[in-house]
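These notes are about the structure you will find just below.
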Amino acid sequence: MSTIYRILTKDEFPQALEIRIRVFVEEQNVPIGEEQDRYDQTAVHFGAFAQDTMIGTGRVVIEGKKGKCGRIAVLKSHRGQGIGMGLLQTMIEWCRAQGLTEVYLGAQLHAIPFYEKAGFTAEGGVFDDAGIPHRLMRKQLK
C-alpha cells in the first residue's frame, strides 16, 4: 500500500486537527487550548494518506525566508512505517520550492534522532512546550 503526501484543502483541516488531538492531547496530555493556535489559520497544512484515509499531518508556518515545521503527528496504528519521515520530507521539499532558505522546528527530546536523520541539527538548550521538553532544530536549504 502506498502513502500519498500532499497539501490539505481547507475542508480537510478538521481531519488533521482530529489526528493532532488524538496524538498530542489524548496521548501526550497537551492542553487542548495549546494544541490549536492562531497559526492554524495561516499555515500550510499537509497530510499523509493511506488509500483515502488521512493517517498523518503536519504544518509549515512561513516566517520571512524560513519555514517552521510543526504539529507533525502520525496515528499510532501507522507509526514505525516511515510515514512521519515521508511527511517531513514533503514539507521540506515544499519549503525548498518556495525559495525558503531554512526550515526549523521545536523537537521533543525523544524525537531528536528522527529529525537528525532528516538533516536537522539541534542547537541551544532544552525548553518547555506544553509541559514537554524540546530543543530547537534547524536545517539549511540550498
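Along region 23-28, what does the Karplus equation 6.51 cos²θ - 1.76 cosθ + 1.60 (θ = phi - 60°) give for ³J(HN,Hα), rounded to whole Hz, x for Gly and Pro?
7, 7, 7, 6, 7, 10
Could you tell me the relative contact order of the chain? Use alpha-carbon pairs under 8 Å, at least six residues apart, and round to a whole percent.
Reported relative contact order: 20 percent.
So what's the back-of-envelope 222 nm ellipticity for the chain, counting only DSSP H runs of four-plus at -39500 (n - 2.57) apiece and dividing by all residues, rounded to 500?
Taken over the chain, the calculation gives -6500 deg cm²/dmol.
With respect to the cross-link table entries LYS68/LYS117; LYS117/LYS142; LYS10/LYS139, which display a Cα-Cα separation exceeding 24 Å?
Too far apart for the 24 Å limit: LYS10/LYS139.
Between ALA16, ALA43, ALA111, find the one with the highest GNM mean-square fluctuation for the chain; connect C-alpha pairs within less than 10 Å.
ALA111
At a 10 Å Cβ-Cβ cut-off, how would you order LYS76, LYS68, LYS10, fewest neighbours first?
With the sparsest Cβ surroundings first, the list reads LYS10, LYS76, LYS68.
Cut-off under 15 Å on the C-alpha distance; same-chain residues fewer than 8 positions from LYS65 excluded. Which aspartates and glutamates are left, in chain and number order?
Correct list for LYS65: GLU93, GLU102.
Could you tell me which label, among [x] 1.66; [y] 1.92; [z] 0.98, carries the value of Cα Rg over 2.2 N^0.38 Å calculated for this structure?
So the structure-derived entry is [z].
Can you put MET54, MET91, MET137 in order, fewest other beta carbons within 10 Å first?
MET54, MET137, MET91
Can you compute the FRET efficiency between GLU116 and ILE4 using 1/(1 + (r/R0)^6), with r the Cβ-Cβ distance and R0 = 22 Å? Round to the nearest 0.05.
In this case the efficiency is close to 0.25.
Since every read-out is calculated from the coordinates, none of them should be taken as a lab result. This structure is a prediction, so every number in the text was calculated from the model and none was measured. Ideal geometry is used to build each Cβ from the backbone, glycine not excepted, and the neighbour counts take in all protein chains shown.
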